[in-house]
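Q: Can you read through this structure? Questions will come right after.
The values are calculated or read from the model by the stated rules, or taken from the named source; none is laboratory data. Computed from a prediction, not measured in an experiment: that's the story for all the values here. For the accessible areas, the whole protein counts, side chains as well, though only heavy atoms, and no ligand, DNA or RNA atoms are used. Shrake-Rupley method; radii C 1.70, N 1.55, O 1.52, S 1.80 Å.
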Amino acid sequence: MEDRIFFNQSKYIKEMLKKFGLEDSKPTKTPMSTEIKLTKDDDADSVDSSKYQDHAGAYVDHKSTSGICTFMGCCLTSWFAKKQTALAISTTEAEYVSAGKACQQALWMKQAFIDYGIRLNDVRIMCDNKCAIDLSKNPVQHSRTKHIEIHHHFLRDNVQKGNISIEKVASEDNIADIFTKPLKREVFNYLRLGLGMMELVMDSDPSSS
């Protein structure tokens, strides 16, 4: 397969398994189980939670996780998943905050291209929550949204200025869900393809990769 880039992270994965004492664990087809929810065990031995904070959802403090992936055309250029600093009281607020983070990333990339003499006129953010989209386009501060911290309205300000646009994407096509939600195997594989990735089964496992 010419003109393609392949990554083999078997060495890195083995090191991670060894680090957390999981060398003998059974492999799974997806990163997170759709049936198991992690909860805090007050009777268990104390551990350094910072080692695991990026590997599990926040079932204790109920804070939402923002998942964002950025594309240039059909090419994935950046991605991240990060727990939000404040507790969102609704799905709309959580999605609105996530879209705001995506807006920051999009504007940074837009400015980077300007530095190279390239101007992007149509910068779109895709969101699967209609209420969050409506909020980003509504200049009126309703009583239901007054509690949202003012800096989160960065998204709405840039939509009004025409710096970016925000559009609805079907929930089943929301690629960013692969970073934040436990998914069934079929859904996971479908969204993984949306990232431009595929599963490559190697006959051998080079340790130097």
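Q: List every residue whose amide H lies under 5 Å from the amide H of MET32, counting only residues 5 or more places away in sequence or on a different chain, with H placed 1.01 Å from N in the peptide plane.
A: LEU183
Q: So, with a 1.4 angstrom probe, what is the percent of accessible area on the stretch 60-123 that is carbon and sulfur?
A: 57 percent
Q: Show the residues, 5+ positions off or on another chain, whose built amide H is closer than 5 Å to the amide H of ILE125.
A: Placed amide hydrogens put SER165, ILE166, GLU167 under 5 Å from ILE125.
Q: For LYS18, list the lysines whose Cα falls under 22 Å from its own Cα; do not include residues on the same chain fewer than 8 positions away.
A: LYS26, LYS29, LYS51
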